[in-house]
Amino acid sequence: MAEEKRAARDAALARRAAAHEALSGHAAGHLSEVLAGYRGVPLAGYMAIRDEIDPLPALEEASAHGPVGLPCIVKKDSPLVFRQWEPGAEMVPGPFNTFEPRGPEMRPEIVVVPLVAFTREGARLGYGGGFYDRTLALLRAGGPVLAVGFAYGAQEAGALPLEPTDAPLDMIVTEAGVISL
């Protein structure tokens, strides 16, 4: 299974890099539209790293209407913690060349999830650390949570190698539109 996932990741990362080069900076419009339908609902996003699609314009807009959090890695093999964020907030260096806010912890009801690849059935392939799988499982055990995958359309795969612990997405948003599941 590990080799299958590695091969799927490599192929998807190549597709993502090409899409990022072509569309960088102009891809969050549909995510803004989706989040506008949930004004005031606590949500969490992420700060893009490498060539991930950037949700920041949509998160900035959403922060004017309700709490927005960003992920913080506490330790390996653990769920993420979300800390409240707003535009201009102080950020501190985190693992994997990330930056994390210093705000208070918060519990999102919507999580905008980065990914390497996805299927139209809601399967998601991440970087392999399991952070979002553990986090979504923990959040969902405490109540409903909407997991919104955000990716370039080029990251779509026909099928992905999955394990029982892989948390499914509830919706996928790309630069081209919304895939409701």
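Please tell me if Pro164 is free of Cβ contacts under 8 Å to residues at least 12 places away in the same chain and in a loop (DSSP other than H, G, I, E, B).
Considered against the rule, which asks whether it is free of Cβ contacts under 8 Å to residues at least 12 places away in the same chain and in a loop (DSSP other than H, G, I, E, B), Pro164 comes out as yes.
Just one of the numbered conditions (1) at pLDDT 95 or above; (2) in contact with a strand residue (DSSP E or B) (Cβ under 7 Å, 6 or more places away or on another chain) is not true of His65; which one?
Failing condition for His65: (2).
Could you figure out which of (1) touching a residue at least 40 places away in the same chain (Cβ under 8 Å); (2) outside any helix (DSSP H, G or I); (3) buried (at least 16 other Cβ atoms within 10 Å of the Cβ); (4) within 16 Å of the chain's Cα centre (by Cα) isn't true of Leu70?
(1)
Pairs only if they're at least six apart or on different chains, beta carbon under 8 angstrom, first in segment 80-97 and under 19 Å from Ser63 (Cβ atoms), second outside any helix (DSSP H, G or I) and of a type in the set (Phe, Trp, Tyr); list them, first residue then second.
Within 8 Å, the pairs are Met91/Phe99; Val92/Phe99.
Condition check ((1) closer than 19 Å to Tyr38 by Cα; (2) within 13 Å of the chain's Cα centre (by Cα); (3) surrounded by 17 or more Cβ atoms within 10 Å (Cβ to Cβ)) across all residues:
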| residue | (1), (2), (3) |
| --- | --- |
| Phe96 | no, no, no |
| Thr119 | no, no, yes |
| Thr135 | no, yes, yes |
| Val148 | yes, yes, yes |
| Ala176 | no, no, no |
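May I ask you to list the residues in segment 29-67 that are assigned to a loop (DSSP other than H, G, I, E, B), within 25 Å of Pro95 (Cβ to Cβ) and not aromatic (Phe, Trp, Tyr)?
Pro42, Gly45, Met47, Ala48, Ile49, Arg50, Asp51, Glu52, Ile53, Asp54, Pro55, Pro67
Test each condition in (1) closer than 28 Å to Arg9 by Cα; (2) among the basic types (Lys, Arg); (3) touching a residue at least 40 places away in the same chain (Cβ under 8 Å) for Arg107 and report the one that comes out false.
(1)
Anything in segment 51-62 that is surrounded by fewer than 18 Cβ atoms within 10 Å (Cβ to Cβ) and in contact with a strand residue (DSSP E or B) (Cβ under 9 Å, 6 or more places away or on another chain)? List them, or say none.
Glu60
Sort through Pro87, Pro93, Pro71, Pro79 and tell me the only one that's of a type outside the set (A, V, I, L, M, F, W, C) and at pLDDT below 95.
Selected residue: Pro93, the only one of Pro87, Pro93, Pro71, Pro79 that is of a type outside the set (A, V, I, L, M, F, W, C) and at pLDDT below 95.
The values are calculated or read from the model by the stated rules, or taken from the named source; none is laboratory data. Note that this is a predicted model, so its numbers are computed, not measured. When we count neighbours, we look across all protein chains shown, and the Cβ atoms used for this are built from the backbone with ideal geometry, even at glycine.
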